[in-house]
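Okay, so here's the structure we're looking at.
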Amino acid sequence: MGKAVLFIALAALVIYALLRLVEKRRAARRPRPPQPPPPGTRRTIAPDDDMDFLRDLERKRRRDRKKAKPTDDPRGDADSG
């Protein structure tokens with residue numbers, strides 16, 4: 001009984017070692033993912049992450065709101081009455 005357990009454990013160890021070796025070789029052949037840009041380089045950011053863009057957008061919105069004629073009705077719906 002003891003010899004069978006020892007044989008199974010040894011066989012499992014050999015199989016595990018072979019599978020690890022095959023996986024390492026397969027991983028070495030795969031192309032590596034692109035590296036991130038080095039620190040200090042500019043990256044493209046989305047408009048909603050760009051504070052200058054958002055600030056300019058708010059300025060344009062305020063300017064357009066000032067250009068629009070104010071209505072007599074404080075609620076803003078002049079048609080109701």
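The values are calculated or read from the model by the stated rules, or taken from the named source; none is laboratory data. Everything quoted here is computed from the prediction, not taken from an experiment. All Cβ positions, glycine included, derive from the backbone under ideal geometry; neighbour counts span all protein chains shown.
Counting residues in segment 68-77 that are hydrophobic (A, V, I, L, M, F, W, C) and either modelled with pLDDT under 90 or in contact with a Ser or Thr (Cβ under 8 Å, 6 or more places away or on another chain) (or both) gives one or more. Would you be able to say whether some residue in segment 35-53 is surrounded by 10 or more Cβ atoms within 10 Å (Cβ to Cβ), out of contact with any Pro (no Cβ under 7 Å at 6 or more places or on another chain) and without any contact (Cβ under 8 Å) to a residue 24 or more places away in the chain? Yes, segment 35-53 contains a residue that is surrounded by 10 or more Cβ atoms within 10 Å (Cβ to Cβ), out of contact with any Pro (no Cβ under 7 Å at 6 or more places or on another chain) and without any contact (Cβ under 8 Å) to a residue 24 or more places away in the chain.
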